[in-house]
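Down below is the structure, laid out as C-alpha cells.
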Amino acid sequence: MSCSKIKNYLYERFNEDFNVLSENENRVIITFDDNDLSVLVNKMENKLFILVPLTNMHSFEHHPDWILVDGERINSNLFWKECGNQVIEYQGDAPIAIKQDTIERIVNDFIKNR
C-alpha cells in the first residue's frame, strides 16, 4: 500500500506541508510528516496553538514571556501543559521544525479565509 493511500485513511485531507487529522466548525488539528509537533487551530477565537509532546525527546525551560523548546526560544506569554503536550499559543514565533510559510498557510486556510 502506498504512503498516499495510508494517508487517505488517516487524515481528512493533506498536502505537501501538513496533514489535517481532524476538523470541525470549532477547531482543526494538524500534524506534520517530518516531526512530532502538532498544531491546534481554534476557529472560534482565531488562535493557533503549537503542541509539543511531553516526552524525553523534548526539553523545556519556562520564562514569563517566552519558552525554550529544545534550546530554541519561542516568544509567547501563554503556554501550559495539557493532555501530554506543552501547549504554546502562537504569537509570531514557531519552532524551526514548522516552517514559517507553513504557519502562514495554516493561518490563511483556517483563520483568515473563514
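Looking across the stretch 7-22, the residues that are of a type in the set (A, V, I, L, M) and within 14 Å of the chain's Cα centre (by Cα) come down to 20, 21. Answer yes or no: is there a residue in the stretch 28-37 that is in contact (Cβ under 8 Å) with a residue 60 or more places away in the chain, farther than 13 Å from residue 95 by Cα and either assigned to a strand (DSSP E or B) or among the polar types (S, T, N, Q) (or both). Looking through the stretch 28-37, at least one residue is in contact (Cβ under 8 Å) with a residue 60 or more places away in the chain, farther than 13 Å from residue 95 by Cα and either assigned to a strand (DSSP E or B) or among the polar types (S, T, N, Q) (or both). If you go through the stretch 83-114 and keep only what is farther than 17 Å from residue 31 by Cβ and part of a strand (DSSP E or B), you end up with just 89.
Under the condition of being surrounded by 15 or more Cβ atoms within 10 Å (Cβ to Cβ) and of a type outside the set (Val, Ile, Thr), which residue from the stretch 28-46 is nearest to the chain's Cα centre (by Cα)?
38
To keep it simple, each residue is scored yes or no on (1) within 15 Å of residue 18 (Cα to Cα); (2) surrounded by fewer than 15 Cβ atoms within 10 Å (Cβ to Cβ); (3) modelled with pLDDT under 95.
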position	(1), (2), (3)
79	no, no, no
93	no, no, yes
96	yes, yes, yes
107	yes, no, yes
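Yes or no: residue 25 loosely packed, with under 15 Cβ neighbours inside 10 Å, more than 14 Å from the chain's Cα centre (by Cα), of a type outside the set (S, T, N, Q) and under 16 Å from residue 104 (Cβ atoms)? Let's see the steps before the verdict.
Working: loosely packed, with under 15 Cβ neighbours inside 10 Å: yes; more than 14 Å from the chain's Cα centre (by Cα): yes; of a type outside the set (S, T, N, Q): yes; under 16 Å from residue 104 (Cβ atoms): no.
For residue 25, the condition - loosely packed, with under 15 Cβ neighbours inside 10 Å, more than 14 Å from the chain's Cα centre (by Cα), of a type outside the set (S, T, N, Q) and under 16 Å from residue 104 (Cβ atoms) - is not met.
None of 68, 54 is closer than 25 Å to residue 92 by Cβ, over 11 Å from the mean Cα position of the chain (by Cα) and in contact (Cβ under 8 Å) with a residue 12 or more places away in the chain except 54.
Please determine, by comparing only the residues of the stretch 1-27 that are in a loop (DSSP other than H, G, I, E, B) and not charged (D, E, K, R), which one is farthest from residue 52 (Cα to Cα). Walk me through it before giving the result.
Restricting attention to the stretch 1-27, the residues satisfying the condition of being in a loop (DSSP other than H, G, I, E, B) are 1-2, 11-12, 15-18, 24-26.
Keeping just the survivors that are not charged (D, E, K, R) gives 1-2, 11, 15, 18, 24, 26.
Working: 1: 30, 2: 28, 11: 20, 15: 21, 18: 16, 24: 22, 26: 21 Å.
Once the filter is applied, the top-ranked residue is 1.
Of all residues in the stretch 1-22, exactly one satisfies the criterion of being acidic (Asp, Glu), surrounded by 10 or more Cβ atoms within 10 Å (Cβ to Cβ) and without any contact (Cβ under 8 Å) to a residue 24 or more places away in the chain, namely 12.
The values are calculated or read from the model by the stated rules, or taken from the named source; none is laboratory data. Please read these numbers as outputs of a predicted model, since none were measured by experiment. Neighbour counts are summed over all protein chains in view; Cβ atoms, including those assigned to glycine, are modelled from backbone coordinates with ideal geometry.
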